[in-house]
Amino acid sequence: MKKYLKFFLYGFIYIILILIFAVMFIVTTRAEIVKPNNQIEPYQVVKIQLKSLKNNDNPFKNAGIEQTWEFAHPNNKKFTGPLEKFKIMLNGESYKMLLNHLDHSITEVKITDFKAAYEVTVLDQGKNYYKFRWIVEKYDLDGPLKDCWLTTGVSPPVSLGSSI
């Protein structure tokens, strides 16, 4: 009987240690940022970006902004600056309503083989609606981004008023 109790106790301690290490690993691991690839359709690019911005600080601070940056077209990145400048821009007055917003909708406006335009409506935390024009284009130069859909522009917001 002592032998079984001893094995049970060792087994129990072993399982507890595994659970502790698993929790520590999960807590310290950053979620993977989705990288552009030519299998992701233009609508999905906008959806990935908006979903990330909706949960901007999950699983780490500004994770949504970093995810959005991944799908920014290189020409767009020239205007928005490096990632740190992009974070400042999105936290500024013009685009802060995108961060941690409550809800959004995406409506296709026009799509061709190389360019797609969407009307995006966002409900911010203050229960105000804003409309954006979101443009994505297929990258046509050689390299790892070839044939990937990337954001080339997001219009300034147009206020649609309060939901109340």
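In the stretch 45-69, the residues that are surrounded by fewer than 22 Cβ atoms within 10 Å (Cβ to Cβ) reach residues that are in a helix (DSSP H, G or I) and of a type in the set (Phe, Trp, Tyr) with C-beta atoms within less than 6 angstrom, at least six apart or across chains, in these pairs: TRP69/PHE86. For the stretch 104-119, name all the residues that are acidic (Asp, Glu) and either under 20 Å from CYS148 (Cα atoms) or in a helix (DSSP H, G or I) (or both). Once the filter is applied, which keeps residues that are acidic (Asp, Glu) and either under 20 Å from CYS148 (Cα atoms) or in a helix (DSSP H, G or I) (or both), the stretch 104-119 yields GLU108, ASP113.
For the stretch 144-164, filtering for residues that are buried (at least 18 other Cβ atoms within 10 Å of the Cβ), in contact with a Lys or Arg (Cβ under 9 Å, 6 or more places away or on another chain) and among the aliphatic types (A, V, I, L, M) leaves 2.
Note on the stretch 1-103: enclosed helices (runs of 4 or more DSSP H) holding 2 or more residues that are of a type in the set (Ser, Thr, Tyr), modelled with pLDDT under 95 and outside the structural domain of ASP124 (by TED's automatic domain parsing) are 2-28.
Among the residues making up the stretch 107-143, a single one is in contact (Cβ under 8 Å) with a residue 60 or more places away in the chain, under 20 Å from the mean Cα position of the chain (by Cα) and surrounded by fewer than 15 Cβ atoms within 10 Å (Cβ to Cβ): GLU108.
Each row is one residue, and each column tells you yes or no for (1) in contact with a Gly (Cβ under 8 Å, 6 or more places away or on another chain); (2) under 20 Å from GLN49 (Cβ atoms); (3) assigned by TED's automatic domain parsing to the domain that holds PRO74; (4) outside any strand (DSSP E or B).
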position: THR121; (1), (2), (3), (4): no, yes, yes, no
position: TYR129; (1), (2), (3), (4): yes, yes, yes, no
position: GLU137; (1), (2), (3), (4): no, yes, yes, no
position: LEU141; (1), (2), (3), (4): no, no, yes, yes
position: LEU145; (1), (2), (3), (4): no, yes, yes, yes
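The values are calculated or read from the model by the stated rules, or taken from the named source; none is laboratory data. On a predicted model such as this, the values are computed, not experimentally measured, just so you know. As a convention, Cβ positions derive from the backbone with ideal geometry for all residues, glycine included, and neighbour counts pool all protein chains shown.
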